[in-house]
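The values are calculated or read from the model by the stated rules, or taken from the named source; none is laboratory data. Since this is a predicted model, take the numbers as computed values, not measurements. A quick note on method: Cβ atoms are made from the backbone with ideal geometry, for glycine too, and the neighbour counts reach across all protein chains shown.
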Amino acid sequence: MRMSKKTRKIIAITVAVTMVLAVVVSGVFLMCGENVNANPTAQEQAELDAIRNQITGAQGGLGGAQQMRTLNLPEMNRRNSAVTESDARLAIIQGRLDELRAELAVLEIELIEAQRQSDEYEEDFNERIRIMIESGPATYWQAFLNSDSFSDFIRRMNTIRTIAEYDEYVLGTLRALEQQIIDATVVIEEKEAEELELLAEEEAARVELVAAQTEFQEFMRELEADIAAYQRVYDEARRAEGALIREIQDRLTREGDDSTFIGGTFAWPVPGHRIGSGAGSRFGMRIHPITGRNTMHTGIDIPAPTGTNIVAANGGTVVFSGWNGGYGNCIIIDHGGGYSTLYGHNSVNLVSAGDVVVRGQVIGRVGSTGNSTGPHLHFEVRRNATPIDPMPFF
């Protein structure tokens, strides 16, 4: 299916407008720090919603373009195969032509040799005939005089006749050989003409196949360009979203929080599932499972099947719910007194920024979004936006 010029124009406009919006929004984020609130301001929330709309649009366009690519790949492969098969047929035809031409070359040499032998023998034969003609009756007279008897004369005459007959036989055989070679040459030349006709037809068909292949390759290149453009819009929107998240977190850290920490023991965020057995699942330095570098692990990892319930560790207000870079789908809950909890890599977020939640309330589902090697919950406790070990809170 070929994308129309109108569709490509719409994509180009969408890409341009969205990237401009992302730049404008990034500039607006820098002014959000003036709002003194523990939760996102209305302006911040509006900007978050706008970015998420951009992300949704880019995801839709990207998914559509990728689906179109997937649907058209078999046709692209078919056209490539058609050209490859045509090349194979051309090679076979050319191979047959080469064999025929080799046979013609051999026949040409054989014909030349047969003609040479025939010409030589005919020349000798003609010479003998000439001598016999010039000698005339004397030849037969001489044969009679040189004979010891009449029977010897008959024998001598039979010899002369046999030689003449043999000359005629050999000469006839050589002439027949020449004709056979000529006939074989004609047959091969006819075959060569047929193969040349097939070659011309196949070459013409291949030209059409290559033209169709080239046109489709151009379409696929345009599709790849559309996918790359959507990906850039998507990535830019994600970066803009991350910038706003950091801005909100930085503002909360700078302003501080005069509210009182709700306190109490935290509820385990993934009921029925324990922290990962490896040392890398706990808070502290570890070898990062993706980068392979020794880095700080700012929370704990709790493996569980995708879709498992995630509950709020304590009561509070949701200050963020959305995509957060390497955290993937992420939720941040403010518990007062500068304390907050973060829930990362979720498959689904079930709460929105501004929602008030209670301890043990289901807020999302376990997933493997963002930088993740498998379904699990990455859980953090933060004090004044700085991650601390979550385990003492349970």
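Points worth noting:
- Any hit, the range 333-350, residues being closer than 30 Å to Asn53 by Cβ, among the small types (Gly, Ala, Ser), under 38 Å from the mean Cα position of the chain (by Cα) and not in a loop (DSSP other than H, G, I, E, B): yes
- For the range 185-240, the candidate set comprises residues that are of a type in the set (Asp, Glu) and under 27 Å from Gly325 (Cα atoms); within that set, the residue that is farthest from the chain's Cα centre (by Cα) is Glu236.
- Matching option when the condition is assigned by TED's automatic domain parsing to the domain that holds Ala385, at pLDDT below 80 and surrounded by 13 or more Cβ atoms within 10 Å (Cβ to Cβ), among Gly242, Gly264, Gly276: Gly276
- Candidate set from the range 300-332 (those that are more than 38 Å from the chain's Cα centre (by Cα) and not in a strand (DSSP E or B)); member that is surrounded by the fewest Cβ atoms within 10 Å (Cβ to Cβ): Gly315
- Meets criteria (buried (at least 20 other Cβ atoms within 10 Å of the Cβ) and at pLDDT below 90) for His297: yes
- The number of residues in the range 317-345 that are in contact with a His (Cβ under 9 Å, 6 or more places away or on another chain) and closer than 19 Å to Pro390 by Cα comes to 8.
- Of all the listed residues (Ala184, Ala193, Ala212, Ala205), the sole one being part of a helix (DSSP H, G or I), free of Cβ contacts under 8 Å to residues at least 12 places away in the same chain, in the same structural domain as Ala50 (by TED's automatic domain parsing) and on the phi < 0 side of the Ramachandran plot is Ala193.
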